[in-house]
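Readers should treat all values here as calculations from the given coordinates under stated rules, not as data from a laboratory. Please read all numbers here as calculations on a predicted model, not as lab measurements. Using ideal geometry, Cβ is built from the backbone for each residue, glycine included, and neighbour counts are taken over all protein chains shown.
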Amino acid sequence: MNVEIVELDDRKAKFVLSGVTHAFANSLRRGMLAEIPTLAIDYVNIYDNTSVLFDEQLALRLGLIPLTTDLDSYVLPSECECGGEGCPQCQVSITLSVEGPKIAYSTELVSADPSVVPAESVPIIKLAEGQRISLEAIARLGTGHDHAKWQAGIACGYKNMPRITVSEECDACGMCVDACPRDVLVIADEIVEAVDERACSLCRLCEDVCELDWIKAGTYPDSVIFTAESDGSMPVTELIIRSVDNIKERATALDEYLGIIDA
Ligand code: SF4
Ligand code: SF4
Ligand SMILES: [Zn+2]
């Protein structure tokens with residue numbers, strides 16, 4: 001397997017994966033969306049709410065706020081020594097106390113653990129003069145399998161890596177170069193070549209204008225262009241690495257299970 005990084009920052013990554021099956025790429029994508037735990041508000045005790053939102057709507061909005069998550073410090077409630085009853089290893093308390101007139105933002109949430117804070121400033125609600133909210137929320141680890149609020153990966157996906165092939169008989173008439181909407185093709189040494197296959201959209205306009213079918217826009221069988229984005233709960237690189245580790249764990253578990261069946 002080979003990895004070529006195209007773009008990378010704290011939240012987003014784009015890379016070309018070569019030497020992999022589509023099944024592996026899809027497993028990596030699904031891991032980011034559904035297997036990697038992240039913290040999200042899961043229980044809310046509302047002491048006062050005179051805003052325009054019902055308690056349930058307010059709790060729903062709070063649950064969807066991404067929280068920074070250190071997976072080395074917290075465990076899933078189902079795997080915690082407390083048996084899921086709630087302790088500092090599996091949950092964190094977050095409070096909110098605001099009064100209008102103002103817009104209340106996620107940055108006003110006060111966490112009992114300074115390492116667990118909203119990943120970005122999200123407006124929660126607009127409060128009119130005298131309207132108040134006072135509550136305590138409990139954030140727990142969970143996975144995207146259970147609810148979208150625990151989905152650390154957003155906009156994770158891949159597409160086939162385009163492959164442009166040109167026959168040696170090409171007479172460099174340039175019609176395909178002019179037809180390409182993405183400026184993928186150039187004429188070099190009396191033949192057409194692709195300057196950046198990644199930019200190709202596989203629209204196949206180049207094939208349409210070449211009457212002798214001397215250019216083909218296809219795909220590599222074992223390469224994909226992968227894009228991944230984190231919701232801010234963890235760096236996108238950590239999300240990708242944990243997803244790869246998760247594939248390994250699941251494959252090992254399956255291997256051991258099949259070994260038991262054979263024996
Ligand atoms: S249209 Fe066909 S012949 Fe003309 S430059 Fe493109 S590939 Fe070559
Ligand atoms: S398939 Fe479309 S984008 Fe790709 S090289 Fe041909 S014309 Fe350009
Ligand atoms: Zn616990």
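The table that follows gives values for the structure above.
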{"item": "Loop trypsin sites (Lys or Arg not before Pro), region 145-215 (other Cβ atoms within 10 Å of the site Cβ: 14 or fewer; DSSP)", "result": "ARG182, ARG204"}
{"item": "For the chain: span of alpha carbons on each principal axis (Å, largest first)", "result": "78, 64, 26"}
{"item": "Given 14 as the ceiling on other Cβ atoms within 10 Å, longest exposed-site-free region of the chain for GluC sites (Glu not before Pro) in DSSP loops", "result": "1-80"}
{"item": "Kyte-Doolittle at least -0.5, axis length at least 24 Å by Cα - qualifying DSSP helices, the chain", "result": "236-262"}
{"item": "Alpha-carbon centroids, region 197-215 and region 1-70: separation in whole Å", "result": "37 Å"}
{"item": "Estimated translational D of region 38-150 in µm²/s (Stokes, Kirkwood radius over Cα pairs; 20 °C; 1.002 mPa s)", "result": "149 µm²/s"}
{"item": "MRE, 222 nm, helices only [DSSP H, n ≥ 4, -39500 (n - 2.57), over the chain, to nearest 500]", "result": "-6500 deg cm²/dmol"}
{"item": "P(r) histogram, all alpha-carbon pairs of region 83-219 included - 5 Å bins from 0, percent", "result": "2, 8, 13, 12, 8, 5, 5, 5, 5, 7, 9, 8, 7, 5, 2, 0"}
{"item": "ASP189-TYR43 pseudo-label distance in nm [points 7 Å out on the Cα-to-Cβ vector]", "result": "6.9 nm"}
{"item": "Stokes-Einstein D (µm²/s) once Rh is taken as the Kirkwood radius of region 141-263 over alpha-carbon pairs, at 37 °C in 0.692 mPa s", "result": "181 µm²/s"}
{"item": "Residue pairs, from the table LYS159/LYS216; LYS102/LYS149; LYS126/LYS159; LYS14/LYS216, whose Cα atoms sit over 29 Å apart", "result": "LYS126/LYS159"}
